[in-house]
Amino acid sequence: MAIERTFSIIKPDAVAKNHIGAIYSRFESAGLKIIASKMVHLTKEQAEGFYAEHSERPFFGALVSFMTSGPIMVQVLEGENAVLANREIMGATNPAEAARGTLRADYAVSIDENAVHGSDALASAEREIAYFFAADEICPRTR
Ligand code: IDP
């Protein structure tokens, strides 16, 4: 099994509802280690840059507006097959389709306000981690 790093966001809806601890607990219970973490309130430019690949989608304006509506938690998760493991913990993008026991089934309101983000591949994980964290803000705990 490969030890990977992935990037995760607890979105404004879940932060506003005080679900940070519950969501961190899910990561840790699944064997993922939080090796970097901070709270940020995105500017419009930061949110547009992060979601640039969706800039032509009809929901882009609503997505940027939502992601700048309040503070978020951003974190780097490390563990075995972390990218896929985190996607499984999160559940489907649309909470109505998310499997029972996943974060989105338990904490998301709608496809627009879906509680968490997680990188969808190793390449996007690397890019997203670098978007938010300097190398000296990441504290590997692989021993
Ligand atoms: P993901 O977050 O599960 O990787 P993506 O397809 O990368 O899903 O979409 C990024 C985010 O854009 C989603 O988490 C969701 O907040 C929003 N989004 C995606 N599709 C729709 C849609 O059809 N309507 C509204 N928002 C959407």
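Inter-part distance, the range 13-73 to the range 80-105, computed on C-alpha centroids, equals 15 Å. One equal scatterer on each Cα of the range 69-124, no solvent, Debye formula: the resulting log10 I(q)/I(0) at q = 0.31 Å⁻¹ is -1.23.
Pull out the extension gain between Asp106 and Val40, defined as 0.36 nm times the separation in residues minus the alpha carbon to alpha carbon distance; nm, one decimal.
Roughly 21.4 nm would be gained on extension.
Using just its DSSP H runs of length 4 or more, each adding -39500 (n - 2.57), the chain gives a mean residue ellipticity at 222 nm of -10000 deg cm²/dmol after division by all residues.
Considering only Cα atoms, the convex hull volume of the range 3-137 works out to 99 Å³ per residue.
Among residues other than Gly49 with Cβ under 13 Å from its Cβ, the summed charge is -2 (Lys and Arg +1, Asp and Glu -1).
A short reminder: the numbers here are calculations on the coordinates, not readings from a lab. What you see is a predicted model, and the numbers here were worked out from it, not measured in a lab. Methodologically, a virtual Cβ is constructed for each residue, glycine included, from the backbone with ideal geometry; neighbour enumeration extends over all protein chains shown.
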